[in-house]
Amino acid sequence: MRILEQAVTKASSPVEAVRALYTEHGARLRQTLARLAPTLDADDLLHETFLIALEKSNELNRAQQPHAWLFGIAVKLAATRRRTARLRRFFGLEEVAELAVVDAPSRTVEQRDAQRRVQQALEALTEAKREVFVLFELQGLGGEAIAEACGIPIKTVWTRLFHARKEVAAAIERALVTEARTSGLSRSEVRP
């Protein structure tokens with residue numbers, strides 16, 4: 001261990017120092033991350049840990065025990081990601097699938113139609129309601145963060161969100177009824 005720490009402090013570049021740490025501790029660090037955050041992707045956490053290490057390479061040079069410093073980054077990162085996952089579960093977002101690229105060939109016609117309907121409903125909202133709706137419902141920001149971002153009181157956020165939800169739901173329902181009428185299908189046959 002002492003030889004590695006000397007190599008890190010003598011490395012000619014931050015990349016070399018981080019590479020030495022990765023070579024020596026990468027496997028153990030990945031295992032640690034998998035244990036600290038078993039429901040998360042340990043490889044992603046490992047990658048992010050070393051990206052942070054590169055960004056904070058000036059701190060690495062001052063660290064008395066570079067491996068302990070690196071594991072400290074990993075522990076903090078795992079805790080942050082666990083907390084984020086817990087919040088996502090609390091708000092019912094854990095089942096939200098990763099969004100596909102807008103023009104991905106794997107998207108179905110139904111997905112494209114649904115996206116078009118949502119986009120049309122958003123365009124019908126006032127700018128103020130659209131900002132709050134998008135930040136809360138589509139981007140996952142909390143009410144306080146939205147209030148700060150938009151420079152409005154928290155009660156205004158909740159009022160705008162309430163009205164925006166009603167308007168979006170009504171606009172999507174109107175679009176579905178229109179599609180049903182123009183296609184000759186019943187409303188129940190048109191997928192939301």
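The values are calculated or read from the model by the stated rules, or taken from the named source; none is laboratory data. Owing to the predicted nature of the structure, the values given are computational and were not obtained by experimental measurement. As a convention, Cβ positions derive from the backbone with ideal geometry for all residues, glycine included, and neighbour counts pool all protein chains shown.
Just a few scattered comments:
- Residues that are crowded, with 16+ Cβ neighbours inside 10 Å and either of a type in the set (Val, Ile, Thr) or in a helix (DSSP H, G or I) (or both) do occur in the stretch 178-185.
- Among the residues of the stretch 112-134, just one is under 23 Å from the mean Cα position of the chain (by Cα), modelled with pLDDT of 80 or more and of a type in the set (S, T, N, Q), namely GLN119.
- If you go through the stretch 135-179 and pick out every residue that is polar (S, T, N, Q) and either closer than 17 Å to PHE91 by Cβ or under 24 Å from the mean Cα position of the chain (by Cα) (or both), you end up with 1.
- Filtering the stretch 20-34 to residues that are surrounded by fewer than 17 Cβ atoms within 10 Å (Cβ to Cβ) and at pLDDT 85 or above leaves TYR22, THR23, GLY26, ALA27.
- Residue within the stretch 137-147 that is modelled with pLDDT under 75 and crowded, with 16+ Cβ neighbours inside 10 Å present: yes
- Among (1) over 25 Å from GLY140 (Cα atoms); (2) surrounded by fewer than 17 Cβ atoms within 10 Å (Cβ to Cβ); (3) at pLDDT 85 or above, the one test that ALA53 misses: (2)
- Filter result (over 13 Å from TYR22 (Cβ atoms), hydrophobic (A, V, I, L, M, F, W, C) and out of contact with any Leu (no Cβ under 9 Å at 6 or more places or on another chain)) within the stretch 40-82: ALA68
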